[in-house]
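Pasting a structure below so you can have a look.
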């Protein structure tokens with residue numbers, strides 16, 4: 001339940017900021033505001049539910065933590081199902097709100113992730129693949145490092161939330177930034193068409209990047225002292 005609610009908040013807060021608040025002429029929040037919206041959703045939920053469930057709002061993160069030996073394999077599928085369902089519900093609620101404005105059109109993407117003609121900056125599929133891989137790998141390194149028993153206690157949500165903000169500042173022009181298969185799946189279910197056809201990249205690249213991060217951090221950090 002915690003992961004369902006947490007992922008709902010991530011998608012509703014982050015994508016909602018992009019769909020509802022970013023486009024206002026002169027006073028819209030723009031890329032910077034959207035980046036902070038995603039970061040703040042993770043930061044606030046990490047403090048709200050981190051002590052309950054670990055606050056995994058992302059299938060790629062759960063897989064990366066499994067590889068990094070921070071998460072039990074038995075919990076992986078229930079977590080991923082909860083994350084995806086929470087993201088779909090959030091996208092549905094956002095669609096309901098956004099469609100209350102005259103002239104709203106799903107062709108705008110509902111903050112879906114995309115490449116080529118559906119990339120905000122027109123970046124290619126390869127560029128999107130590399131960006132999502134690298135950004136997710138670094139996200140896992142941040143998460144594993146910030147939650148290491150040797151790290152300063154109590155600051156992990158801040159580091160992780162700001163890390164996600166930075167990731168969005170870098171990657172919004174490339175793919176609208178996923179680094180999270182559930183976040184990509186929610187809007188894509190409602191947009192359909194191109195969003196569903198390109199969804200594979202936003203599962204494959206983040207999961208591959210997370211696996212790499214889950215391998216790299218333990219090799220770099222070594223064993224924590226007892």
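May I ask for the distance between the Cα centers of region 1-39 and region 197-226, given as a whole number of Å?
After rounding, the separation between the Cα centres reads 25 Å.
From zero up to wherever the largest Cα-Cα distance of region 127-223 sits, split into 5 Å bins and tell me the percent of pairs in each.
Answer for region 127-223: a P(r) of 3, 14, 21, 21, 18, 12, 6, 3, 1, 0 percent.
Sticking with this structure for a sec: If you fit an axis through the alpha-carbon atoms of helix 2-16 and take the longest principal axis of the Cα set of the chain, what angle between them do you get, 0 to 90°, nearest 10?
Here the helix axis deviates by roughly 40 degrees.
Let me ask another. Express in nm, to one decimal, how much length is gained between residue 73 and residue 21 on full extension, taking 0.36 nm for each residue of separation and deducting their alpha carbon distance.
14.9 nm
What is the angle, in °, between the Cα long axis of helix 30-53 and the longest principal axis of the Cα atoms in the chain? Nearest 10 is fine, range 0 to 90.
For 30-53 against the chain, the angle is about 40 degrees.
If you don't mind, there's one more thing I want to ask. I want to make sure I understand the PRE zone here: with the label point 7 angstrom from the Cα of residue 150 toward its beta carbon, which residues in region 61-85 have backbone N atoms less than 18 Å away?
Only 68-70 fall inside the zone, counting backbone N under 18 Å.
Ranked highest first by average number of other Cβ atoms within 10 Å, how do 206-217, 85-96 line up?
206-217, 85-96
Can you compute the helix-only [θ] at 222 nm over the chain? Use -39500 (n - 2.57) per DSSP H run of at least 4 residues, normalise by all residues, nearest 500 deg cm²/dmol.
The helix-only estimate for the chain comes to -22000 deg cm²/dmol at 222 nm.
Let me ask another. Indicate the gyration tensor shape class of region 101-153 (rounded, prolate or oblate), computed on the Cα atoms with a ≥ b ≥ c the square roots of the eigenvalues: a/c under 1.5 is rounded; otherwise a/b larger than b/c is prolate and the rest oblate.
Oblate is the answer for region 101-153, as a/c is 1.5 or above yet b/c matches or exceeds a/b.
Okay, next question. Mind running the shape call on region 126-174? Use the C-alpha gyration tensor, a ≥ b ≥ c as the square roots of the eigenvalues: rounded below 1.5 for a/c, prolate if a/b tops b/c, oblate otherwise.
Verdict is oblate for region 126-174.
Taking the Cβ-Cβ separation of residue 215 and residue 127 as r and a Förster radius of 25 Å, what is the calculated FRET efficiency to the nearest 0.05?
0.55
Then there's this: Sorted by mean Cβ packing within 10 Å, highest first, what order do the peptides 192-203, 49-60 take?
Taking the mean over residues of other Cβ atoms within 10 Å, the ranking is 49-60, 192-203.
Can you give the relative contact order of region 78-226 as a percent, counting alpha carbon pairs under 8 Å and 6+ residues apart?
37 percent
Then there's this: Averaging the inverse of every distinct alpha carbon separation and then flipping it gives the Kirkwood radius. What is it for the chain, in angstrom units?
Computed over Cα pairs of the chain, the Kirkwood hydrodynamic radius comes out at 17.3 Å.
Of 205, 102, 188, which is the most mobile in a GNM of the chain whose springs link Cα atoms less than 10 angstrom apart?
Comparing 205, 102, 188 in a Gaussian network model of the chain, the most mobile one is 102.
Each reported figure results from applying straightforward, stated rules to the coordinates on display, with no laboratory input. Computed from a prediction, not measured in an experiment: that's the story for all the values here. Positions of Cβ are generated from backbone atoms using ideal geometry, with glycine treated the same way; all protein chains shown enter the neighbour counts.
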